[in-house]
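Where a number appears in this text, it was derived from the coordinates with a stated rule and is not lab data. Predicted, not measured: the structure shown is a model, and the values here were computed from it.
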Amino acid sequence: MAGHHKFSRLTQDFSAARIAKIAEKKAQLKEEMAIHELGQALKIFQADAFESR
């Protein structure tokens, strides 16, 4: 397949600053995902609590 490369090969020449920026963004996205999952769980909990009345 033309243009197909392993991800590690595509990222091997990244600068230290770019790697740090990627790590920061990854941490931010993980935090946002956790917050979103907590919100979803709260909605489910509230719906269950309302239905059990």
- Item | 3J(HN,Hα) from dihedral phi, region 7-14, Karplus parametrisation 6.51/-1.76/1.60, rounded to Hz, x for glycine, proline | 4, 4, 6, 5, 9, 5, 9, 5
- Task: Figure the gain on full extension for A20 and A49 (residue separation times 0.36 nm, minus the Cα-Cα span) and round it to one decimal in nm.
- Result: 6.1 nm
- Item | Rg/Rh ratio calculated on Cα atoms of the chain (Kirkwood radius) | 1.36
- Item | Qualifying aspartates and glutamates (Cα of each under 17 Å from Cα of K21; at least 8 residues distant if same chain) | D13, E31, E32
